[in-house]
Amino acid sequence: MVYADFIKKDYEELSYLLNKVMIKLDMTKLLTKKTIRIGISGHRFLSDLDLLTGALEEAYDFLQKSFPDSSFEICSPLAEGADRLAANTFLNHFAELIAILPTPKEEYQQRFSSQDALDEFEVFFKKAREVIQLPPHPDHHHAYQALGLFLLENCDILLLVWDGLPAQGKGGTGEIAFEARRRKIPMIWIHAGNRVPGTQTSTSLDEEQGKIDYENFQEFTSE
């Protein structure tokens, strides 16, 4: 069984569980209001932040020009790195923030790297229009995988800050990206290096860093 098949099996099982506990959002109502939900998934350890911030601005500009009659909501877990970088960009353009917590808040905060990271989380958390707490899972790996599935099933567009490689762990950005492609979900992919495996050392993709690809937008409409 190939890597993508493992991902498909895991996400099909999780999809059943999430539907069973009825946490799926009413997308028909949201789209009637011409609100487009953007789900963010990306790496925690990033380099060349100015390049990536510029790419996020370009992505927002693309969305605004493509859907001029729509408003935007950014769905972010508010982890360090890409989650907050994207949330900050969208908030600066007056988009609404929906915080998605994969584990209880107190447990989630224990995984942050410093007091500064905790303080920054609280700043973003207080700006969220809505907080969605996902159901409990046996460990954080499965919790993050369920988080990815939630974004896939409840957002119109997936925003990725990704190196293009398979995930370094269960529920990582690579897993979510492969599943989004399988489902043909519209994606904005900002190319960005991940960390050196087993370390907290971020890497750069050099000339590719900050490049943007748009996938599966041909038939997408907010109407």
What's the total number of residues in region 158-187 that are surrounded by fewer than 24 Cβ atoms within 10 Å (Cβ to Cβ), modelled with pLDDT of 95 or more and among the aliphatic types (A, V, I, L, M)? 3
Cβ-Cβ distance below 8 Å, separation of 6 or more or different chains: which pairs start in region 114-134 with a residue that is in contact (Cβ under 8 Å) with a residue 60 or more places away in the chain and end on one that is assigned to a loop (DSSP other than H, G, I, E, B) and among the aliphatic types (A, V, I, L, M)? Ile132/Ile23; Leu134/Ile23
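Return the only residue of Gly54, Gly42 being modelled with pLDDT of 95 or more, of a type outside the set (A, V, I, L, M) and more than 22 Å from Phe150 (Cα to Cα).
Gly54
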Can you name the condition, by its number, that Glu219 falls short on among (1) part of a loop (DSSP other than H, G, I, E, B); (2) in contact with an Asp or Glu (Cβ under 8 Å, 6 or more places away or on another chain)? (2)
Would you please name the residue that is nearest to Leu160 (Cα to Cα), looking only at residues in region 195-217 that are of a type in the set (S, T, N, Q) and in contact (Cβ under 8 Å) with a residue 60 or more places away in the chain? Gln209
Looking at Gln145 and the list (1) out of contact with any Gly (no Cβ under 7 Å at 6 or more places or on another chain); (2) assigned to a helix (DSSP H, G or I), which single condition is not satisfied? (1)
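The values are calculated or read from the model by the stated rules, or taken from the named source; none is laboratory data. None of the values given here were measured: they were computed from a predicted structure. Don't worry about glycine lacking a Cβ; one is built from the backbone with ideal geometry, like all the others, and counts go over all protein chains shown.
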